[in-house]
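S.K.: Below: one structure in C-alpha cells.
The values are calculated or read from the model by the stated rules, or taken from the named source; none is laboratory data. As the structure is a prediction and not an experimental result, all values here were calculated from the model. Every residue, glycine among them, receives a Cβ derived from its backbone with ideal geometry; neighbour counts consider all protein chains shown.
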Protein chains: 4
Amino acid sequence: MGKVRRLGVLTSGGDCAGLNAVIRAVTYRAVRTYGWKVFGIIDGSTGLMERPLRYRELDLDMFSGTMLREGGTFLGTVNRGDPFNYPMPDGSTKDRSLDFVDGFNKLALDALIVIGGDGSMKILSQLCAVGGIGMVGVPKTIDNDVHGTDFAVGFTTAVNVVTEALDRLHPTAASHHRVMILEVMGRDAGHIAINSAISGGADVALIPEVPYRLDSIARKIDEVIREGRNHVLMVVAEGCKTEDGELATKAQSHGQMRYGGIGQYLSEHISNMTDLETRVTSLGHVQRGGTPSTRDRLLASAFGVHAVDMVAEGKLNRMTAWQERGVTDVPLEEVCIGPRSLDPNGTLIKVARGLGIYVGESEA
Amino acid sequence: MGKVRRLGVLTSGGDCAGLNAVIRAVTYRAVRTYGWKVFGIIDGSTGLMERPLRYRELDLDMFSGTMLREGGTFLGTVNRGDPFNYPMPDGSTKDRSLDFVDGFNKLALDALIVIGGDGSMKILSQLCAVGGIGMVGVPKTIDNDVHGTDFAVGFTTAVNVVTEALDRLHPTAASHHRVMILEVMGRDAGHIAINSAISGGADVALIPEVPYRLDSIARKIDEVIREGRNHVLMVVAEGCKTEDGELATKAQSHGQMRYGGIGQYLSEHISNMTDLETRVTSLGHVQRGGTPSTRDRLLASAFGVHAVDMVAEGKLNRMTAWQERGVTDVPLEEVCIGPRSLDPNGTLIKVARGLGIYVGESEA
Amino acid sequence: MGKVRRLGVLTSGGDCAGLNAVIRAVTYRAVRTYGWKVFGIIDGSTGLMERPLRYRELDLDMFSGTMLREGGTFLGTVNRGDPFNYPMPDGSTKDRSLDFVDGFNKLALDALIVIGGDGSMKILSQLCAVGGIGMVGVPKTIDNDVHGTDFAVGFTTAVNVVTEALDRLHPTAASHHRVMILEVMGRDAGHIAINSAISGGADVALIPEVPYRLDSIARKIDEVIREGRNHVLMVVAEGCKTEDGELATKAQSHGQMRYGGIGQYLSEHISNMTDLETRVTSLGHVQRGGTPSTRDRLLASAFGVHAVDMVAEGKLNRMTAWQERGVTDVPLEEVCIGPRSLDPNGTLIKVARGLGIYVGESEA
Amino acid sequence: MGKVRRLGVLTSGGDCAGLNAVIRAVTYRAVRTYGWKVFGIIDGSTGLMERPLRYRELDLDMFSGTMLREGGTFLGTVNRGDPFNYPMPDGSTKDRSLDFVDGFNKLALDALIVIGGDGSMKILSQLCAVGGIGMVGVPKTIDNDVHGTDFAVGFTTAVNVVTEALDRLHPTAASHHRVMILEVMGRDAGHIAINSAISGGADVALIPEVPYRLDSIARKIDEVIREGRNHVLMVVAEGCKTEDGELATKAQSHGQMRYGGIGQYLSEHISNMTDLETRVTSLGHVQRGGTPSTRDRLLASAFGVHAVDMVAEGKLNRMTAWQERGVTDVPLEEVCIGPRSLDPNGTLIKVARGLGIYVGESEA
C-alpha cells in the first residue's frame, strides 16, 4: 500500500504489561520494512482532541534500550471522558468527535493503530467511523475478555503476578493453618482467577460466570481438611456471584460500604462456617504487572507486526487476534459486543474441577 | 559439650521466609558435626504443652529437597494463646507454663532453640526460665524490629517483595499520571518502608518513627510535578503517624471502621489536595514472602549453625545476632525490651532524604 | 471404566519443569474423582525392569506442599539404556522388555501414564506393545519438538529462562558495545531460540530449520549499528547450520574438539568480521528450569487430568495434546515420527523477520 | 562547599547491576540538594581523553523512568586501554594522561566521581593525581573484592543470579542423580562462590583463597550419598586452586586449551572418581546481572548520596564504603592495594563448613 506514509498509534484504557512491546513492533515493522513514519499519540484519543496536538514521532532509537521489557505505556493513557460526551469545564458535556478527526487530519495520518480493550475498541471505532479513518485494533487487557482472540496483551503477565502471590500465600497459610483468600481482578470474566487458581494450586476459584454457594465452599474446606491438609487457598474474582443474584448484589453494594470488597465479605462468612482462621489479600494495581511476561512480549510483537501489515494491505476496521497457534485478524464489529466470558464448557473449568477445585455450582 | 544429645527447635509467632533454612542449618550442624538428635516441635510452644506431645525427629534426609528454598515453617506456628494465661474451653485462662516444662522433660531434651520475634523471645525465655531450660534464640521477623541484631530472618525477603510491587506500580502510575500509595507492614518500625522506598524509587516514605504532615506530602507531590514527572510513588508503613498524635489515632481507629487502613485515609486526603488521581494497594500477607531471598538464606544458615555451637559451648539464654559483617550473639535480656525502631540518625533516613524522598518532618 | 483400579505413572528422558505438576494432577484426578490407586514408578522404565520393583504409592498428602512448583521429577528419570538392548554388566546387551512387562504385571497395574519426549514415547509405546499394556502419553520436553501438540510441558519455562538471560545480557552488551551470543538448546528444532529471540529482543536467531550465512550475520550487525545502536544480541540454537551442510558439519565436529560449541565458532568468525567485541554464554542445564512457569503448570495440570480421563474412557495408546485453546489427544503413532521442526511458514518466523531479526536465509 | 558547581561522574571497568542507580543518586543529590550541574562522561576515562569530549549533562528527568532498575551503565564503559600507555593506531603506545586532565578542565569540572572496581580506582586516582583533580570513588564489582568496604555495588545481584542458577540445577541434578558443577566468576576472590554455595544449598564450594584436593571432593560426594542423597551441587570459582600450585596452573593453562575452564577440568576428574554423572554449567556474563537487587539499589543510592556530600565537604581522594550498618568513606590509598580476598577466619567460611560444605582443605 504505497500510499500510506504516516501511521498513528495510541494506547487507550487501563494500562497493562506489553503495551510498549506493541508500539515497538509497530515502529520496527513500519520503519524498517515499509519506510513509513510513525506517530505516537499521547494519552489515547485526547492527544488528537486537544490543541496543540500531543504526539511524538517514533524512531528505532527509542527502542534500543529496555522499552520491550517495560510495563505500562510510555505514550500515556489518561482518560478524560467519553469523546462523544466530553466533560467541559463548565460542567456540561460536548460531542468532541470532530476534534479527534480534525486532529487526525492535522497530523496528516493515513491510518491509526489502536491498542485497547473491548471498551476502547468500541469508542475508537465509532470515532474513526465519524471521520472515515482507517483503524486497526490490537487487543490488550489483563482480564482477557476481548472477543475474537484467545489472548489479549497483558493477560498472561497478570496471571503470573497472581500465581506468584499464591506461591507466597501458600507457605504462610500452611504455617498458620489458615484459609487465604486472594481477591483478583475480573468484574465480568474469570480468566485471571481460573488460570491462576490452577497454576497456583488453589482449592476454590470463584468467577463471575458460575454462581457459588457459601455452604459448598465450607464443604470443600472440610473435604480438604479431611484429606489431611491444614490450610486452604481461594482465588476470588471481584465479580463473582452467588446463585441468588440479589444476595450477590447486596453483598457487593455492601462491599462498597462496609467491606473492602468481595474478599472481605467471604472472609467473614467463611470464618463463621469453619474452624480455620481466614485472611484476605487484594492485589490491586500490582496485577497490571510491570515487566511483561515472555508470552506477552511475543504476543505484543506478533500483533504489532501484523497490525502494520494489515494497514499495508488495506485490511482496515479489523483487530489483530491470536487463534490456535498464530496471529490472524477479525472484524471490529465482532469484537465490540461487550466482554468475553470464560467458556463454561471449555478446558479450563474442566481442568480446575478435574483437580478438585471448587468452581461454583456445577448445574446452576 | 558432650552431655547434649537431644536438641529441640521450634518456630514461634508470625511466619516469614527463611525459617526452614534455620531449621535445616540447625539439623545439619547438630547431626553432622556433633552427632546429636534434633526434635522439631510442632506449632511453637503448644507442641510441648499439649498431650500427646507434638514433634518430629529431624534428619538430614528431610532437607535433601527444596526445604532451603521454601517459605513459612514446616513445623507450623499456630498460636493458641499466652501459655501463662492460656484460654481454656470453659472461657477461663490458666497458667500452663509447667505443661511446657513437663513436655520438654518428657522429650528428654537438653536445650531448646527458639526461632521467633521479640514477642516470642520474651514469652519463651520466661517459659524456659520456669523450668531452668537452656534456650538459644534466633531472631526472625519481616519487620526487622528485634533488638541486638542488624538483621532478623525474613526481613530482606519482605523488602524484596515490596520493592518488586513498587517496580510494578511505577509503570501503571506513569501511564495514568497517578499517585500510587503502597501500604506495607510496620506497626512499630519503618524498616520495610524505608528500605523499599529507597530501593523502589518512591517519593514519599511514611514511617512510625517520624511524624508526617499532609501538607508536606502535598508539597512534595507538587515539587515532583514541577520537576516534570507526572506520577508519584508513596510507601506507607501501617503504623505511620501525623505530628498530632490524636489525629493519627483518629485516623487509625477510623481506619478500622471506615477505611481499609492508613493507605485509604491518605488516599482520600491526598486526592483532595492535588490534581492527580490516587490509588491504594495493600500487600498484606504476600509480604511474608514465599521463597527466601539469597540474603535470608545466608542469614538463616549462619544463625542456625551458630545457635548449635552456642548450645555446644553452653552459651545459653542468648540470641544469635548479625552485627557488622558476621554472626555473634547477645543476651536475651537485652533483646526483650520491645520492638527496635529505625535509628532517626542512621544511614537509611539520611539516604532517603538525600535522594529527595519525603520521610516525615525533619525537625518534628 | 470401573475395572481400572491401579494406575502407574512414570517420567522418562531428560527432566524439565512441570513434571511434578503432571504427576500431581494425575494423582488428584485418579484418587479424588475415580478413587483409584496410583503408583509412581521410580527412574522411568528401569523401575519396572529391576527387582525389587522400584515404586511408591502416591497419595494426596504428597502434594499438599510445594510439589506443584518444584522443577524436575521426584520420581527420578535415570536412563540406564535401551530396554530392548539393555547393557549388561559383562558388556553384552540384552532384550529386557519382558522384565518391564513382568514388572507391570507384578504391580497388578491396569494402565500406564508415560510422561516423556518423542524418544520416550517411541520406546515406551514399543515396550507397552510387547505386553499389551494400555498406555497414555503426556508430552514433555524443553525443546517443544513433539509432534501432535502445540506445547509440551517444560517448554515455556525454558523460554522464560532464556529470555531472562537475554534481559541480563542486554545491559552488559550495551555498556561495553558488544555482540552477545547466547547458545541455547535445540539440536533439531529452533522453538526455544525463535521464541526467546522475539521475547528477549535479539537481532539474530539461528535455528536448525533455516540455514544461515556468516556474511548475512555481519550485514545485519552493520545495519543495527547504522541505525544507531552499539550492541547486538544473538540467540543460537545448538543445531543451527550454514547453507553448506558440509561446512556446518565441520564447524560442529570442530565444536567437539576446539570450541565449546557453535557459539564459540560463531564468536571467532564474527569478531573477525565486525568491529565489535563478542562474548559467548551457554546456558546449559539451567534451561531445564527449576520452578515451572505459570503456563507449564496449567499445561501439566490439563494433561494430567485428561490422561486419567482417557484411561477411564479406555482411550489408550494415545498422547494428550494442546491444540488451539484446549486439551485433546492424538494417536501415539502420529507422534513417534521424530522431532517436530518449527514451521518455516508459521507465525513465529514471520514475526521475527517482521521485527527485523535475521533468521537465516529467506530463500535458501 | 559553595564553589563546586560542576560535577563529573563516570563508570569504569566491567559493568554490573546498580551503576545507573549510583548515577541517579549522584544526580538527585547534586541537583536537588546543592543545585549543581552534573555531567556524565561517556565510556569511562576515554570520554575525557577523546576530542570532541564525549559527555551528557544529567538532569532529574532522565531518571523518571526505569533507570533505577536497569542493569549496566547508560554512560557506557568501553575500555580502549591504559591511559598511561594508550594504544595508538600505528601500534605504538602513548601517555595520554594529560588529555584526560585537559578534558576535565575543558568541561570546567570541579570534581569527579568515579564508579569502578579496584583496578579502576587505581588508574583513575593516578590520572586525577596528574591534574590535581579532586576525585571520590564509588566501589562496584560483582566480585566484591574491593578493599575498605563490606560490599561493592553489583555483588549481591551476582550472588542472586548464581543462587537462582543453583535453584534451577538442583531439581535436574536430583532427577538424574548427577553432580552439577557451576563455574562462577572470581579469579582472585571467592565471595560469589561462598555466598551462593551457602544460599543455594551446595555441597562443595571451591574458592581461590583455600586450596582444594580432588580426593577430598570425592570423599565429600561419597558422604552425601551415604547420607541418602543421590545428587551433589558444586560451586567453583574460576580461580580456585589445588594445594599443589603447579598442578593448578597446569589445569588452568590446560583450561585455556583443552577445557572450557576449571569446571570442565573438575568434571572429567570427578566423573572418573565417582559413580555419578557430572555436568558443568558456566554462567558467564549473565552474572553481570540485569535488574539490580534491592540491596544493590540501596547500596548504590547510599553511595551516590554520600559521594556528593563528600565533594560538598571537600573530603576528596577517598572512596565511599559500607561498613557495619551504614555508609562511610576510606582513603583511596587504602583501597588501591589489589583485590580483597575472603577472610579465611570470617563468618562465611565457618558457616559453610558448619553446614558440612567442603570449602577446601581446613589446615592446608
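S.K.: Residue check, D:Gly186 against (1) among the small types (Gly, Ala, Ser); (2) surrounded by fewer than 24 Cβ atoms within 10 Å (Cβ to Cβ); (3) in contact with a Pro (Cβ under 7 Å, 6 or more places away or on another chain), all met but one. Which one?
M.R.: Failing condition for D:Gly186: (2).
S.K.: Let me ask another. Could you give every pair whose Cβ atoms fall below 9 Å, whose first residue belongs to the stretch B:52-64 and is facing chain D (nearest Cβ under 10 Å), and whose second residue is loosely packed, with under 14 Cβ neighbours inside 10 Å and not in a loop (DSSP other than H, G, I, E, B), counting only separations of at least 6 or pairs across chains?
M.R.: Filtered contacts from the stretch B:52-64: no entries.
S.K.: Oh, and also: Only one of (1) within 14 Å of chain D (Cβ to nearest Cβ); (2) within 20 Å of C:Val286 (Cα to Cα); (3) in contact (Cβ under 8 Å) with a residue 40 or more places away in the chain fails for C:Asn230. Which number is that?
M.R.: (2)
S.K.: Out of the residues in the stretch C:189-214 meeting the condition of being in contact with a Leu (Cβ under 8 Å, 6 or more places away or on another chain) and β-branched (Val, Ile, Thr), tell me which one is surrounded by the most Cβ atoms within 10 Å (Cβ to Cβ).
M.R.: Only one residue tops the list, namely C:Ile198.
S.K.: Test B:Ile262 against the criterion of being in contact with a Cys (Cβ under 8 Å, 6 or more places away or on another chain) and more than 12 Å from every other protein chain (Cβ to nearest Cβ), and give yes or no. First the steps, then the outcome.
M.R.: Numbers: in contact with a Cys (Cβ under 8 Å, 6 or more places away or on another chain): yes; more than 12 Å from every other protein chain (Cβ to nearest Cβ): yes.
Answer is yes for this residue.
S.K.: Looking only at the stretch A:307-333, count how many residues are more than 13 Å from chain C (Cβ to nearest Cβ), in a loop (DSSP other than H, G, I, E, B) and touching a strand residue (DSSP E or B) at 6+ places or on another chain (Cβ under 8 Å).
M.R.: Residues in the stretch A:307-333 being more than 13 Å from chain C (Cβ to nearest Cβ), in a loop (DSSP other than H, G, I, E, B) and touching a strand residue (DSSP E or B) at 6+ places or on another chain (Cβ under 8 Å): 3 in total.
S.K.: Is the stretch A:205-212 home to any residue that is more than 14 Å from chain B (Cβ to nearest Cβ) and of a type in the set (Gly, Ala, Ser)? Let's see the steps before the verdict.
M.R.: Applying the first criterion (more than 14 Å from chain B (Cβ to nearest Cβ)) to the stretch A:205-212 yields A:205-212.
Of the ones still in play, those that are also of a type in the set (Gly, Ala, Ser) are A:205.
Within the stretch A:205-212, one or more residues are more than 14 Å from chain B (Cβ to nearest Cβ) and of a type in the set (Gly, Ala, Ser).
S.K.: I would also like to ask the following. Given (1) more than 7 Å from every other protein chain (Cβ to nearest Cβ); (2) within 16 Å of B:Pro292 (Cβ to Cβ), where does D:Gly201 come up short, assuming only one miss?
M.R.: The failed condition is (1).
S.K.: For the stretch C:80-93, state whether one or more residues are modelled with pLDDT under 95 and touching a His at 6+ places or on another chain (Cβ under 7 Å).
M.R.: Within the stretch C:80-93, none of the residues are modelled with pLDDT under 95 and touching a His at 6+ places or on another chain (Cβ under 7 Å).
S.K.: Kindly evaluate C:Ala193 against the criterion of being more than 7 Å from every other protein chain (Cβ to nearest Cβ), over 18 Å from the mean Cα position of the chain (by Cα) and not β-branched (Val, Ile, Thr). Lay out the reasoning, then the answer.
M.R.: Numbers: more than 7 Å from every other protein chain (Cβ to nearest Cβ): yes; over 18 Å from the mean Cα position of the chain (by Cα): no; not β-branched (Val, Ile, Thr): yes.
So C:Ala193 fails the test.
S.K.: Could you go through the stretch D:131-139 and let me know if any residue there is touching a residue at least 12 places away in the same chain (Cβ under 8 Å), within 14 Å of chain C (Cβ to nearest Cβ) and touching a strand residue (DSSP E or B) at 6+ places or on another chain (Cβ under 9 Å).
M.R.: Keep residues of the stretch D:131-139 that are touching a residue at least 12 places away in the same chain (Cβ under 8 Å), which gives D:131, D:133-139.
Still in the running and within 14 Å of chain C (Cβ to nearest Cβ): none.
No, every residue in the stretch D:131-139 fails to be touching a residue at least 12 places away in the same chain (Cβ under 8 Å), within 14 Å of chain C (Cβ to nearest Cβ) and touching a strand residue (DSSP E or B) at 6+ places or on another chain (Cβ under 9 Å).
S.K.: Which numbered condition in (1) among the hydroxyl-bearing types (Ser, Thr, Tyr); (2) facing chain B (nearest Cβ under 9 Å); (3) in contact (Cβ under 8 Å) with a residue 24 or more places away in the chain is the only one that D:Thr294 fails?
M.R.: Checking D:Thr294 against (1) among the hydroxyl-bearing types (Ser, Thr, Tyr); (2) facing chain B (nearest Cβ under 9 Å); (3) in contact (Cβ under 8 Å) with a residue 24 or more places away in the chain, the one that fails is (3).
S.K.: Restricting to the stretch A:87-117, give me the number of residues that are assigned to a strand (DSSP E or B) and in contact with a Pro (Cβ under 9 Å, 6 or more places away or on another chain). Break it down stepwise before answering.
M.R.: Residues of the stretch A:87-117 that are assigned to a strand (DSSP E or B), as a first pass: A:87, A:93-94, A:111-116.
The next check asks that each one be in contact with a Pro (Cβ under 9 Å, 6 or more places away or on another chain); those that pass are A:93-94, A:115-116.
Result for the stretch A:87-117: 4.
S.K.: Identify, from the list A:Gly40, A:Gly71, A:Gly65, the residue that is at pLDDT below 95, in the same structural domain as A:Leu98 (by TED's automatic domain parsing), at negative phi and small (Gly, Ala, Ser).
M.R.: On the way: A:Gly40 fails: at pLDDT below 95; A:Gly71 fails: at pLDDT below 95.
Matching residue, one of A:Gly40, A:Gly71, A:Gly65: A:Gly65.
S.K.: Can you pull out the residues in the stretch A:1-57 that are small (Gly, Ala, Ser), farther than 22 Å from B:Ala174 by Cα and crowded, with 24+ Cβ neighbours inside 10 Å? Before the answer, list the steps.
M.R.: Step one: of the stretch A:1-57, the residues small (Gly, Ala, Ser) are A:2, A:8, A:12-14, A:17-18, A:21, A:25, A:30, A:35, A:40, A:44-45, A:47.
Still in the running and farther than 22 Å from B:Ala174 by Cα: A:2, A:30, A:35.
Correct list: A:Ala30 only.
S.K.: Let me ask you something else. Checking D:Gly116 against (1) within 14 Å of another protein chain (Cβ to nearest Cβ); (2) more than 17 Å from the chain's Cα centre (by Cα), which test does it fail?
M.R.: With respect to (1) within 14 Å of another protein chain (Cβ to nearest Cβ); (2) more than 17 Å from the chain's Cα centre (by Cα), D:Gly116 is out only on (2).
S.K.: Which one of B:Ser199, B:Ser120, B:Ser216, B:Ser175 is in contact with a helix residue (DSSP H, G or I) (Cβ under 6 Å, 6 or more places away or on another chain) and on the phi < 0 side of the Ramachandran plot? It would help to see each step written out before you state the result.
M.R.: On the way: B:Ser120 fails: in contact with a helix residue (DSSP H, G or I) (Cβ under 6 Å, 6 or more places away or on another chain); B:Ser216 fails: in contact with a helix residue (DSSP H, G or I) (Cβ under 6 Å, 6 or more places away or on another chain); B:Ser175 fails: in contact with a helix residue (DSSP H, G or I) (Cβ under 6 Å, 6 or more places away or on another chain).
Answer to the check: B:Ser199.
S.K.: Being surrounded by 24 or more Cβ atoms within 10 Å (Cβ to Cβ), facing another protein chain (nearest Cβ under 9 Å), touching a residue at least 24 places away in the same chain (Cβ under 8 Å) and at positive phi narrows it down to one of A:Gly304, A:Gly289, so name that one.
M.R.: Working: A:Gly304 fails: at positive phi.
After applying the criteria, what remains is A:Gly289.
S.K.: I've got another one for you. Is it true that D:Ile217 is in a helix (DSSP H, G or I), surrounded by fewer than 21 Cβ atoms within 10 Å (Cβ to Cβ) and of a type in the set (A, V, I, L, M, F, W, C)?
M.R.: Details: in a helix (DSSP H, G or I): yes; surrounded by fewer than 21 Cβ atoms within 10 Å (Cβ to Cβ): no; of a type in the set (A, V, I, L, M, F, W, C): yes.
Considered against the rule, which asks whether it is in a helix (DSSP H, G or I), surrounded by fewer than 21 Cβ atoms within 10 Å (Cβ to Cβ) and of a type in the set (A, V, I, L, M, F, W, C), D:Ile217 comes out as no.
S.K.: Looking only at the stretch B:334-357, filter to residues that are surrounded by fewer than 16 Cβ atoms within 10 Å (Cβ to Cβ) and without any contact (Cβ under 8 Å) to a residue 12 or more places away in the chain; which one of those is nearest to the other protein chains (Cβ to nearest Cβ)?
M.R.: Among those that are surrounded by fewer than 16 Cβ atoms within 10 Å (Cβ to Cβ) and without any contact (Cβ under 8 Å) to a residue 12 or more places away in the chain, it is B:Gly346.
S.K.: When the stretch B:65-86 is examined, which residues are found to be part of a loop (DSSP other than H, G, I, E, B), more than 14 Å from chain A (Cβ to nearest Cβ) and crowded, with 17+ Cβ neighbours inside 10 Å? Give the steps one after another, and end with the answer.
M.R.: From the stretch B:65-86, those part of a loop (DSSP other than H, G, I, E, B) are B:65-66, B:70-82; that's our starting set.
Among the residues that remain, those that are also more than 14 Å from chain A (Cβ to nearest Cβ) are: B:65, B:82.
Passing the criteria: only B:Gly65.
S.K.: Mind listing whichever residues of the stretch A:23-49 are outside any strand (DSSP E or B) and either free of Cβ contacts under 8 Å to residues at least 12 places away in the same chain or of a type in the set (A, V, I, L, M, F, W, C) (or both)?
M.R.: Looking only at the stretch A:23-49, we keep the residues that are outside any strand (DSSP E or B), and these are A:23-36, A:42-49.
Across the stretch A:23-49, the qualifying residues are A:Ile23, A:Ala25, A:Val26, A:Ala30, A:Val31, A:Gly35, A:Trp36, A:Ile42, A:Leu48, A:Met49.
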